[in-house]
Amino acid sequence: MKKNFLNLGKQPLANSFLSSNTKKNLSKEFFYNLRVAFDTDSYLVSVAKPVNPKLQYTDKYAHRASESITMRNAFSKIAKKLDNRFDPKIVMEIGSNDGVFIRNFNKRKIIAVEPCKNLADLTKQKYKTYPNFWTISLAKKIFLNSKKADIIFSANTISHIPDLAQTFDAINLSLSANGVLVIEDPSLLSVVKNNSYDQFYDEHVYVFSAIAISNVVKNSNLRLFDTEKIDTHGGSMRYYICKNNAKYKKTKNLIKIINEEKKANLNKFKTYEKFSKRVISSKYKLLKILKKIKKKNKKIISYGATYKSSTVFNYCNIGKKYIQYVTDTTINKQGKFTPGKHIPIISPDVGMNDTVDYAFLGAWNFKKEILKKEKKFIKRGGKFITHVPYPRIISK
Ligand code: TYD
């Protein structure tokens, strides 16, 4: 049974950056109710009523995974690791974005699936790319004329697909006998520990735990045999899944992580009720900090026009009154306005200037990379604000 535990209010689509802030354009903005639920049978945590994916993954999709050095390095590392461990002949990626993972492989090995046409266009010249949503009929079409996949990789994508049963059934159809599905998604354990409620937005239909994934894949005759904690996206998990009859044995690491999740009571509703209370308190603490700074007439901006910060700003009602503008390195976000709160987005080359006193870490998941990059800002007395794991000004 699904039980709601968190209400993040009316939210826009997190990737719906507006190209203009005219009244006419703003009046067309789409909002939905963001409520988060726990399933007492499967232990899945999900958005209670997911948005139609056709509204989300369009030919205007803004996110480019290769924008960040951290992500480029992470994908190159995992590509090498999978090559060494499994020696795959055919590698398929579901949600290949701008090709940041597949470019680490010989093009003859690669099959890419990417429903956002603007992104699929970026890889289709070099790699066999299907500009489609991942479904059973697509799986049948691809593997009618191709050997089955030895590795199916999918980072930050499976958690975006409402229909998990079809997704995993289609994966089962596509894997070779000892083929391995490797998925990476934000970790529920990290979300609960870090109070990072901003991992919930329309695209993150699910925030997975190992216990939930293990339950869900069983329905498609698959099994989870290994798990790794990874630090991308503010704390993620990598899951290794195979067919029921494949040769892989359950690893010690998987047992350890499942025990850790059980110890943190991720299989109990009361954990999420407590989490929800902490989220409400986080909102008021963050607003208190921003109000105090504004009273002193200091300038606050936000660093990174992330989807996560869309949840924070809309949930906490943080608009231009507090945040003068948002800086982001992504060229196609620059010149636009943030979803819901319509804060202008500009390039950090222009925005990270000497007039900035405080920068809210919208991209807190890249804190290390950003603090390293912004030494000059910090040296001259500039300060970062974060809400993870609790709202505070970062002093060093
Ligand atoms: P991302 O990590 O994908 O978060 P989300 O999934 O919540 O959108 O986005 C990070 C954003 O931050 C991306 O738009 C690029 C931007 N960014 C900067 O502007 N400067 C930086 O130094 C880094 C690391 C990221």
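The values are calculated or read from the model by the stated rules, or taken from the named source; none is laboratory data. All figures in this text were calculated on a predicted structure; none of them were measured in a lab. All Cβ positions, even for glycine, are placed from backbone atoms using ideal geometry, and neighbour counts span all protein chains on display.
Could you tell me which numbered condition PHE168 fails, if it satisfies all but one of (1) in a helix (DSSP H, G or I); (2) more than 16 Å from MET92 (Cβ to Cβ)?
Every listed condition holds for PHE168 apart from (2).
With the structure loaded, tell me whether LYS250 is surrounded by fewer than 20 Cβ atoms within 10 Å (Cβ to Cβ), free of Cβ contacts under 8 Å to residues at least 60 places away in the same chain and either touching a Phe, Trp or Tyr at 6+ places or on another chain (Cβ under 7 Å) or of a type in the set (Ser, Thr, Tyr) (or both) or whether it fails that test.
yes
Looking at the range 205-233, which of its residues are touching a Pro at 6+ places or on another chain (Cβ under 7 Å) and within 12 Å of the ligand (Cβ to nearest atom)?
Across the range 205-233, the qualifying residue is only HIS233.
Could you list all residues from the range 343-391 that are away from the ligand (no atom under 15 Å from the Cβ) and crowded, with 20+ Cβ neighbours inside 10 Å?
TYR358, ILE385, PRO391
For the range 314-335: of the residues being more than 12 Å from the ligand (Cβ to nearest atom) and of a type in the set (S, T, N, Q), which is surrounded by the most Cβ atoms within 10 Å (Cβ to Cβ)?
ASN314
Condition first: closer than 21 Å to LEU371 by Cα and modelled with pLDDT under 95. Can you find one or more residues in the range 284-302 that meet it?
Among the residues of the range 284-302, not one is closer than 21 Å to LEU371 by Cα and modelled with pLDDT under 95, which makes the answer no.
Across the range 328-357, what is the number of residues that are farther than 21 Å from ASN314 by Cα and without any contact (Cβ under 8 Å) to a residue 24 or more places away in the chain?
5
Which of the residues belonging to the range 358-396 are within 16 Å of ILE301 (Cβ to Cβ), in contact (Cβ under 8 Å) with a residue 60 or more places away in the chain and of a type in the set (Val, Ile, Thr)?
Hits for the range 358-396 are ILE370, ILE385, ILE393.
When both residues are 6+ apart or on different chains and their Cβ atoms are under 6 Å apart, which pairs have a first residue that lies in the range 306-319 and is of a type in the set (S, T, N, Q), and a second that is near the ligand (Cβ under 8 Å from one of its atoms) and part of a helix (DSSP H, G or I)?
THR311/ASP198
Considering only residues that are under 20 Å from the mean Cα position of the chain (by Cα) and either away from the ligand (no atom under 16 Å from the Cβ) or modelled with pLDDT under 95 (or both), which ones fall in the range 1-13?
LEU6, ASN7, GLY9, LYS10
Pairs under 7 Å by beta carbon, first residue in contact (Cβ under 8 Å) with a residue 12 or more places away in the chain in the range 68-94, partner within 16 Å of the ligand (Cβ to nearest atom) and part of a loop (DSSP other than H, G, I, E, B), six or more apart or different chains?
MET71/VAL100; ARG72/VAL100; PHE75/VAL100; PHE75/PHE101; ALA79/PHE101; GLU93/PHE101; ILE94/THR157
Take VAL279 and decide whether it is on the phi < 0 side of the Ramachandran plot and within 16 Å of the ligand (Cβ to nearest atom).
no
Out of curiosity, is SER20 of a type in the set (Ser, Thr, Tyr), part of a loop (DSSP other than H, G, I, E, B), within 23 Å of THR327 (Cα to Cα) and within 16 Å of the ligand (Cβ to nearest atom)?
Criteria not met by SER20.
Working carefully through the options LYS243, LYS288, LYS294, find the one that is touching a Phe, Trp or Tyr at 6+ places or on another chain (Cβ under 8 Å) and either away from the ligand (no atom under 16 Å from the Cβ) or of a type in the set (Phe, Trp, Tyr) (or both).
It is LYS294.
What are the residues in the range 136-167 that are farther than 17 Å from ILE110 by Cβ and modelled with pLDDT under 95, if any?
The answer is LEU144, and nothing else.
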